[in-house]
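All remarks here apply to the structure that follows.
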Amino acid sequence: MNKEILRIENLTANVTENKDIEILHNIDLKINYGEVHVIMGPNGSGKTTLANVIMDNPEYTVTNGKIFFEGEDITDLSTDKRAKKGIFMSFQNPMAVSGISVENFIRTAKNSIEDENVSVLKFKKELKKEMEKLSFDESYASRYLNEGFSGGEMKKNEILQMIMLNPKLAILDETDSGLDVDATRIVAEGIKRFINEDKAVLIITHHRELIKNIKPDFVHVIINGKFIMTGGDSLVDKIEDEGFNWLKEEV
């Protein structure tokens, strides 16, 4: 198996509807199997944009550079094809979808990604087991996706989707946003159960709490659409203590 799972080279991207607004500037990133990478930065620095560009969100257009997944150039692939190859993204603000239950949504997505019909009984059994581990009430499986869910329930649902879909690369965009201490701990435990040597995780976060029990291999700081520093776990502590002002001098 190729050690490298994701490689981004000299990536530049702008807003599709206004090509004068360039958000990402010459981003380089390499993630290997088994690694946990964390991206931190001030609001509006380009963290979520980078995640969306990796997943081919049409709101953004790549104007330069390449994205490689498992050695294959996926720069021009659509979102659904990237998902089938094993890339998953959880959203900072998950949408509510009326008319489709959590269970049906996840099972349909799993069938689509795996190109086969998953056994309903086996799926239900696995779903129930994972919901219990996430302290996620089983009744939510039959409720419409995120409709009437609290912020914590939405984020647990995102982690549930990740575990059930079992991607090779999981991109988690501020999964800890709006969570209390207990919910953050449960979500962190779900991420820890997911990680192994055949997968990789890219976590976008503002805070230490989510990753204090998930030691990242690399921490990247993005400011004004550029990576300005990469370090280890200690970089998170320094940012928590001192904020980003000391880093802005590096830009």
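Regarding the stretch 1-132, what is the average projected area of its C-alpha convex hull, in nm²?
Spelled out: convex hull of the Cα atoms, projected over all directions, averaged, 10.4 nm².
Let me have the relative contact order for the stretch 81-173, percent, based on Cα pairs under 8 Å that are six or more residues apart.
53
Kindly write out, for the stretch 138-148 in residue order, the coupling ³J(HN,Hα) from the Karplus curve 6.51 cos²θ - 1.76 cosθ + 1.60 (θ = phi - 60°), rounded to whole Hz, with x marking Gly and Pro.
4, 5, 5, 4, 9, 7, 4, 4, 6, 6, x
Please state the relative contact order of the stretch 128-211 as a whole percent: Cα pairs under 8 Å, 6+ residues apart?
33
Restricting everything to alpha-carbon atoms, can you work out Rg to Rh for the chain with a Kirkwood hydrodynamic radius?
0.96
Towards the positive end of the charge dipole of the chain, with charges on Cβ (+1 Lys, Arg; -1 Asp, Glu), say which of Met131, Asn32, Ile8 has the farthest Cα.
Toward the positive end, the furthest listed residue is Met131.
Give the carbon-plus-sulfur fraction of the accessible surface of the stretch 33-190 in %, rounded to a whole number; probe 1.4 Å, heavy atoms of protein chains only.
Carbon plus sulfur share of accessible area: 47 percent.
Taking 1 over the mean of 1/r across every pair of different Cα atoms in the stretch 161-251, what Kirkwood radius in Å do you get?
In the stretch 161-251 this quantity evaluates to 14.2 Å.
Could you give me the ³J(HN,Hα) list for the stretch 157-169, computed from phi with Karplus coefficients 6.51, -1.76, 1.60 and θ = phi - 60°, whole Hz, x at Gly and Pro?
5, 4, 5, 4, 4, 4, 5, 6, 7, 6, x, 7, 10
Using Cα positions and a limit of under 14 Å, work out the aspartates and glutamates in reach of Lys199, with same-chain residues fewer than 8 apart set aside.
Reachable aspartates and glutamates: Glu4, Glu35, Glu70, Asp217.
Ranked from highest to lowest mean number of other Cβ atoms within 10 Å per residue, what is the order of the peptides 74-82, 37-45, 98-106?
37-45, 98-106, 74-82
From a point 7 Å beyond the Cα of Glu126 in the direction of its Cβ, which residues of the stretch 190-215 have a backbone N at a distance under 19 Å?
190-200
Can you list residues from other chains, or at least 5 along the same chain, whose modelled amide H is less than 5 Å from the amide H of Ile23?
Answer set, sorted by chain and number: Ala13, Asn14, Val15.
Can you tell me the relative contact order of the stretch 17-156? Whole percent, Cα pairs under 8 Å, sequence separation 6 or more.
Rounded, it is 20 percent for the stretch 17-156.
Could you go through the stretch 121-130 in sequence order and give the Karplus-derived ³J(HN,Hα) for each residue, using 6.51 cos²θ - 1.76 cosθ + 1.60 with θ = phi - 60°, rounded to whole Hz, and x for Gly and Pro?
Running phi through 6.51 cos²θ - 1.76 cosθ + 1.60 with θ = phi - 60° gives 5, 5, 5, 4, 5, 5, 4, 4, 4, 6 Hz.
Using a probe radius of 1.4 Å on heavy atoms only, what accessible surface per residue do you get for the chain? Whole Å² is fine.
Result: 48 Å² per residue.
The values are calculated or read from the model by the stated rules, or taken from the named source; none is laboratory data. No experiment lies behind these values; they were computed from the predicted model shown. Using ideal geometry, Cβ is built from the backbone for each residue, glycine included, and neighbour counts are taken over all protein chains shown. Surface accessibility is based on the protein's heavy atoms, side chains included, excluding ligands, DNA and RNA. Shrake-Rupley method; radii C 1.70, N 1.55, O 1.52, S 1.80 Å.
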